[in-house]
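Below: the structure, in structure tokens.
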Amino acid sequence: MDPGNWATDLAGGAQYGYALLSVIMISNLMAILLQALAARLGIASGRDLAQACRDSYSRPTTIVLWVLCEIAIAACDLAEVIGAAIALNLLFGLPLIWGVCLTALDVLIVLFLQHRGFRYVEALVVALICLIAGSFAVELWLAHPNYAEVALGFVPHTQILRDPNMLYIAISILGATVMPHNLYLHSSIVQTRKYFDDEASKSEAMRFATIDSSVALMSALFINGAILVMAAAVFHGTGHESVADISDAYKLLSPLLGTKAASVLFAVALLCSGQNATLTGTLAGQIVMEGFINLRLRPWLRRLITRLIAIVPAVIVVSLYGERGTGQLLILSQVILSLQLSFAVFPLVMFTSDRHKMGSFVSPWWVQALAWPVAIVIAALNAYLLWQTFAG
């Protein structure tokens, strides 16, 4: 969960009601499949996705893939920077510029947790997700959505492909859900599990890793869906369809839902989601740098470089446009994530379908029959969006 999800779900719900729930559901199912493949690759081969790319591709190709992944991490970091700054502004009145700069210090939290051990990182992530989920469970109860319309929202609509703006938001939801750097991260962290080198032990580790990631992603489905449903119930059809900025949503929630608690819970959950994204971005950054180019930096230096790359555009946009520019920048950051997806998904599907690399753990035919269409659909949607943007 990161603030990019918030911007995409708020915009989708406010503008199109429940129609984009189908995109959230399909994106989530894609993420479950791809995360399962990432776990399969990591456990079966003992190599994460970045290392597997370095093993299989030429040095120039590996460097290009590394740069593209770094762009994705920076885009995710940008969303976290802006989201955390907005949350601090809403809760404590801290100016956005100060909040953006203050987010550079969260590296200390990450380093402290990493020093204590990876299970502390996992525990914090679970705690933050529970807090976010609890906040939005209350928000949904206050919003009183039309559950019949919610159910219809899970049915895909061809309008998504016909409406350029709707497609843009749909692609941003896809990028926010199936984040490319998380595939590299997952293929590495599954190797922290305790399992032996025999087939039975590895098979069991894959099964439990898949269950873990599927449960986590179903939690994300609930939270993303809850944000969109809340936005649709509160803003769509009430004259507030143009709400896309998180700050606007915060200010309107209390008067529209009749309680100050709605806005406070919204801001607290936003701050939690920002810190969650910080953890995954930091870990993924270290893994891809070491995996692709075999370069090791001190974690604090690596984190500081990534965060500074994200802070610069955030400071520029906040300085020039204030709050009004942050909503569009958040959505754009998630579209950038989606555009990078194919460069992670195609190698992942290829490697897990390769018997020479995977041995007896090569993906079964039915998994390949699902994975290849997913990879092609993601690439086709991104290509279609680019065509609409520049030639349509």
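Give a residue-ordered list of calculated ³J(HN,Hα) values for the stretch 167-182 (Karplus: 6.51 cos²θ - 1.76 cosθ + 1.60, θ = phi - 60°; whole Hz; x for Gly, Pro).
5, 4, 5, 4, 5, 5, 5, 4, x, 6, 8, 9, 6, x, 5, 5
Using only helices, what value at 222 nm comes out for the chain when you add -39,500 (n - 2.57) per DSSP H run of length 4 or more and divide by the total residues, to the nearest 500 deg cm²/dmol?
It lands at -28000 deg cm²/dmol.
What's the center-to-center distance, using Cα atoms, between the stretch 1-76 and the stretch 147-168 in Å?
If you average the Cα positions of each part, the centres end up 22 Å apart.
At a Förster radius of 25 Å, what calculated FRET efficiency corresponds to the Cβ-Cβ distance of TRP98 and SER254, to the nearest 0.05?
0.55
Please report the net charge: other residues with Cβ closer than 14 Å to the Cβ of MET206, K and R +1, D and E -1. Intermediate results must be reported in sequence, preceding the final value.
Details: positive: ARG40, ARG193, LYS194, LYS202, ARG207; negative: ASP197, ASP198, GLU199, GLU204, ASP212.
The answer is 0.
Whole number in Å², please: accessible area per residue of the chain, 1.4 Å probe, ligands, DNA and RNA not counted.
That works out to 41 Å² per residue.
Around ASP48, with a cut-off of 11 angstrom between Cβ atoms, what is the net charge of the other residues, counting Lys and Arg +1 and Asp and Glu -1?
0
I need the P(r) histogram for the stretch 143-292: all alpha carbon pairs, bin width 10 Å from 0 out to the longest distance, whole percents.
Pairs per bin, as whole percents: 8, 28, 31, 21, 10, 2, 0.
Once the piece of chain linking LEU152 and ALA369 is laid out straight, how much longer is it, given 0.36 nm per residue of separation minus the C-alpha distance between them?
Contour length minus Cα-Cα distance gives 75.3 nm.
Mind checking which lysines have their Cα closer than 17 Å to the Cα of LYS260? Skip sequence neighbours fewer than 8 apart in that chain.
The reachable lysines, counting only those whose Cα sits under 17 Å from LYS260, are LYS251.
Which value in nm describes the separation of the simple spin-label points at ARG298 and MET350, placed 7 Å from the Cα toward the beta carbon?
Here the modelled spin labels are 3.8 nm apart.
Going by alpha carbons, how many degrees (0 to 90, nearest 10) lie between the helix axis of 365-390 and the longest principal axis of the chain?
Taking the Cα atoms of the chain, the angle to 365-390 is about 50 degrees.
At VAL312 and TYR57, where each label point lies 7 Å from the Cα along Cα→Cβ, what is the point-to-point distance in nanometres?
Label-label distance for VAL312 and TYR57, simple model: 2.4 nm.
Near GLN388, within a Cβ-to-Cβ distance under 14 Å, what is the net charge of the other residues, with Lys and Arg +1 and Asp and Glu -1? Walk me through the numbers before you get to the answer.
Numbers: positive: ARG162; negative: ASP163.
Value of the local net charge: 0.
What value in Å³ per residue do you get for the convex hull of the alpha-carbon atoms in the stretch 342-381?
46 Å³
Treat each spin label as a single point 7 Å out from the Cα along the C-beta direction, and report the VAL67 to GLU199 distance in nm.
Roughly 4.3 nm, to one decimal.
The values are calculated or read from the model by the stated rules, or taken from the named source; none is laboratory data. Given the structure is predicted, the values throughout are model-derived calculations rather than measurements. All Cβ positions, glycine included, derive from the backbone under ideal geometry; neighbour counts span all protein chains shown. Heavy atoms of the whole protein, side chains included, go into the accessibility calculation; ligands, DNA and RNA do not. Shrake-Rupley method; radii C 1.70, N 1.55, O 1.52, S 1.80 Å.
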